[in-house]
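**Q** Sharing a structure below in structure tokens format, with a few things to ask.
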Amino acid sequence: MGQFLDSVERIVNGKIRKELANRELNVNIIVFAEYKRGADEHQEINLKTKNELLTRVSNLADFYSKAKKNLLSEMEEFGIKGSQWKLNGI
């Protein structure tokens, strides 16, 4: 999942930056993930960050880095709780 989050960082920050030109934003990031256990057991979960107020002077790289860390932590926590679940798709 870290590679996925890295690959979309420019896109996400670009969309946020475009909207910040007009106003302040409360932003959170949500990732829908599918987990698989065994041959045919699937579960969809959403991983999300808390809302954060961003302005034109906000450091988007710091915002995204913190959001990524929180999402990866939440994903890891699910994996520990949900014994034998493997990430199957995002």
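What follows is calculated from the coordinates using simple rules that are stated; it is not laboratory data. This is a predicted model, so every value here is computed, not measured. No Cβ is skipped: glycine too gets one built from the backbone with ideal geometry, and neighbour counts run over all protein chains shown.
**Q** Can you compute the charge dipole magnitude of the chain about its Cα centre, using +1 on each Lys and Arg Cβ and -1 on each Asp and Glu Cβ, nothing else charged? Give it in debye, rounded to the nearest 20.
**A** 340
**Q** Another one. Measure nothing fancy, just the Cα-based angle from helix 60-81's long axis to the longest principal axis of the chain, in degrees from 0 to 90, nearest 10.
**A** The angle comes out near 20 degrees.
**Q** What whole-number volume per residue, in cubic angstrom, does the convex hull of the C-alpha atoms of the chain give?
**A** 85
**Q** Same structure again: Take Glu19, Glu41, Glu9 and order them by how many other Cβ atoms sit within 10 Å, fewest up front.
**A** With the sparsest Cβ surroundings first, the list reads Glu41, Glu19, Glu9.
**Q** Over every pair of different alpha-carbon atoms in region 6-54, take the mean of 1/r and invert it; report that Kirkwood radius in Å.
**A** Answer for region 6-54: a Kirkwood hydrodynamic radius of 13.0 Å.
**Q** Less than 13 Å Cβ to Cβ from Leu20, Lys/Arg counted +1 and Asp/Glu -1: what total charge do the surrounding residues give?
**A** Counting the neighbours of Leu20, the net charge comes to +2.
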